[in-house]
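Reading through the structure tokens given below for one structure.
Derivation of every value follows stated rules applied to the coordinates shown; laboratory data play no part. No experiment lies behind these values; they were computed from the predicted model shown. Every residue, glycine as well, gets a Cβ built from its backbone with ideal geometry; the counts of neighbours run over all protein chains shown.
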Amino acid sequence: MAGNFKHLVLILFYFFCFSCQSSEKRSQLGSELISGNLNVLLDNLDYFNTSNNSLTVAVYQNVGENKSDQEIIVKNFQNKFNLKNEKIFDQPIRLEKIPKKIGNYPLFVDTDNTFQKRDDTLKISFVNLIISENNQYAAVEVIKSLGNGAKYEVYYFKQKNDKWIFQGKELIALG
């Protein structure tokens with residue numbers, strides 16, 4: 001009986017270690033996807049600059065979740081890449097480095113996660129990250145908000161030669 005218990009504990013230990021490594025790899029892939037494709041993910045910032053005043057872009061440091069959009073994002077992701085049983089990646093991802101500027105817009109990492117409406121700072125949130133089980137496909141929802149307006153877009157990527165290649169985007173809501 002004690003021998004069976006040892007085997008069970010050993011199997012559970014290996015399963016836990018493998019699960020942690022897989023989760024860490026996906027966290028790293030998610031961070032690389034966002035950091036390596038900021039120019040793509042932060043396209044069309046001019047959409048929000050209607051008064052020709054200078055805007056600053058604040059990028060939230062933590063990749064999060066937007067539960068109200070998850071079902072449609074998972075469904076569209078699976079349809080786009082002909083996948084099944086995919087789900088939102090729910091492990092923590094922190095963005096540490098971003099460029100100082102994208103186009104004409106200064107950027108900074110926003111470590112204060114309290115939402116404040118401001119008319120001079122465009123807030124960017126990365127939410128609902130999906131990385132396929134085979135780590136070859138990914139999608140991330142980008143929420144761009146300024147004052148009372150917001151734009152919700154999903155960006156799709158495919159991994160090729162260890163690089164994330166942009167495969168298209170989809171506007172899912174304007175607010």
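Some points to look at:
- Working note: Karplus 6.51/-1.76/1.60 with θ = phi - 60° gives the range 47-55 the couplings 3, 8, 8, 8, 9, 6, 6, 6, 10 Hz, where Gly and Pro are set to x.
- The chymotrypsin sites (Phe, Trp or Tyr not before Pro) of the range 97-169 meeting both criteria, a DSSP state outside H, G, I, E and B (loop) and at most 15 other C-beta atoms within 10 angstrom of the site's C-beta, are PHE115.
- Virtual spin-label span in nm between ASN134 and LYS25, 7 Å along Cα→Cβ: 1.4 nm
- Each label was represented as a point 7 Å from its Cα along the Cα-to-Cβ direction; for ASN53 and LYS158 these points are 4.3 nm apart.
- Local charge for ILE88 was computed over the other residues whose Cβ lies under 11 Å away, with Lys and Arg +1 and Asp and Glu -1, and equals -4.
- Low-density loop positions, trypsin sites (Lys or Arg not before Pro), the range 55-134 - DSSP coil, at most 14 other Cβ in 10 Å: LYS84, LYS87, LYS97, LYS100, LYS117, ARG118
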